[in-house]
1. Determine the sum of side-chain charges near Met68: Lys and Arg each +1, Asp and Glu each -1, restricted to other residues whose C-beta is under 11 angstrom from that of Met68.
2. From the mean inverse distance of alpha carbon pairs (Kirkwood) and the Cα radius of gyration, derive Rg over Rh for region 29-70.
3. Quick check: residue separation of Thr59 and Cys35 times 0.36 nm, minus the Cα distance between them. What number comes out in nm?
4. Helix-derived [θ] at 222 nm for the chain: sum -39500 (n - 2.57) over DSSP H runs of at least 4, divide by residue count, nearest 500?
5. For the chain, what ratio Rg/Rh do Cα atoms give with a Kirkwood hydrodynamic radius?
Amino acid sequence: MTYSIRLPQDVEARLEQLSARTGRKKSFYVKQAICEYIDDLEDIYLAERRLEDIRAGRTETIPLEEIMKRYGMED
């Protein structure tokens, strides 16, 4: 899918410099930045949902010590 966006001049200049230094197309970095940002957002939303579940009593937590013991990671 193709998108058209306007970037601030300073961001466009940085993107242009990066592209020139590395020999990669600007679209490569734009795509990479969007994918990483979406990954981060999905992680944030998942963490927020899990926190809501914990606070509402729908999910129980397990102490770190118990996890370490369970997986043989004790001192």
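Read the figures in this text as sums done on the coordinates, not as results from a lab. Computed from a predicted structure; not experimentally measured. For neighbour counting, all protein chains shown are included, and Cβ atoms are generated from backbone atoms with ideal geometry for every residue, glycine included.
1. Working: positive: Lys69, Arg70; negative: Glu65, Glu66, Glu74, Asp75.
Summing Lys and Arg as +1 and Asp and Glu as -1 gives -2.
2. Values: Rg = 15.4 Å, Rh = 12.5 Å.
Radius of gyration relative to Kirkwood radius: 1.23.
3. Numbers: separation 24, 0.36 × 24 = 8.64 nm, distance 2.96 nm.
Stretched fully, the Thr59-Cys35 segment lengthens by 5.7 nm.
4. Details: 3 runs with 51 residues, N = 75.
Using -39500 (n - 2.57) per qualifying helix, the result is -23000 deg cm²/dmol.
5. 1.27
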